[in-house]
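Notes for the one structure printed next.
The values are calculated or read from the model by the stated rules, or taken from the named source; none is laboratory data. Just so it is clear, the structure is predicted and the values come from calculations on it, not from any experiment. For neighbour counting, all protein chains shown are included, and Cβ atoms are generated from backbone atoms with ideal geometry for every residue, glycine included. What goes into the accessible areas is simple: the full protein's heavy atoms, side chains included, and nothing from ligands, DNA or RNA. Shrake-Rupley method; radii C 1.70, N 1.55, O 1.52, S 1.80 Å.
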Amino acid sequence: MTRSLEIRVRVLAVVTRLVAVLLVPVAWCRAPGHARFLACQWALGMRFPAEDLRGLAPEALAAFTRARAEAFWRDRQLIGLTSGYRDPVEQYQIFTKEVRRTGSVAAARRRVLPPEESSHVRGLAIDVRPTEGARWLEQHGGRYGLYRVYDNEWWHFEYRTVPPVRLPHPGARRARAADDGCPPMYMQGRRP
């Protein structure tokens, strides 16, 4: 990251924290018992205006917003959403674009899954930023049921009720299931 970009990111983080603090009294009028939580969500919504939380499963949405509120107030860490729910058509387009880019389905599966296998389509997956936020979520997200599931995707977390086995890439689940003679749907949460 260039020096000027680093400075810009730090300034935006400070401004976001300041906005959240200033919004606490307004949030208190709206939700007295949840003012800091609400002010945090408002401030992060301003900092990351393109994020779209719609379509996330209720439990994934609750886990994500609670986790990022804790990161924000306790550790001064900002976590933004770059991608959450994707409808099957959008996921299919992303997958076919990756197939064209890499030249094979197997290679594409190392970065993106087809709609019938993607947790984004079920509203249980989130892609986050910045890298520091992802690091925080990797360390603390388990308390909320949010886990990094692929070694090659530092930004991708999924809501799970039990900690999953970390895989090297998205297509590994299918490859591992085939090696074990087990359908991929039964691989989730299975220990090596």
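Quick notes on this one:
- The chain: relative contact order in percent, alpha carbon pairs under 8 Å with at least 6 residues between: 16
- Counting only protein chain heavy atoms and rolling a 1.4 Å probe, the accessible areas of 155, 28 rank, largest first, as 28, 155.
- Heavy-atom accessible area, probed at 1.4 angstrom with all protein chains present, ranks 94, 126, 7 as 7, 94, 126, highest first.
- Which labelled figure in (i) 43, 36, 36; (ii) 57, 37, 29; (iii) 54, 44, 28 is Cα extents along the principal axes in Å, once derived from the coordinates: (ii)
- Spherically averaged projected area of segment 8-47 from its Cα convex hull (nm²): 2.3
- What the Cβ-Cβ distance of residue 34 and residue 139 gives, at R0 = 22 Å and to the nearest 0.05, is a FRET efficiency of 0.35.
- Between residue 102 and residue 4, residue separation times 0.36 nm minus the direct Cα-Cα distance comes to 31.9 nm.
- Scalar couplings 3J(HN,Hα) for segment 77-84, obtained by applying the Karplus form with A = 6.51, B = -1.76, C = 1.60 to θ = phi - 60°, are 10, 8, 10, x, 9, 9, 7, x Hz; x denotes Gly and Pro.
- Percentage relative contact order, segment 8-47, counting C-alpha pairs under 8 Å, at least six apart: 41
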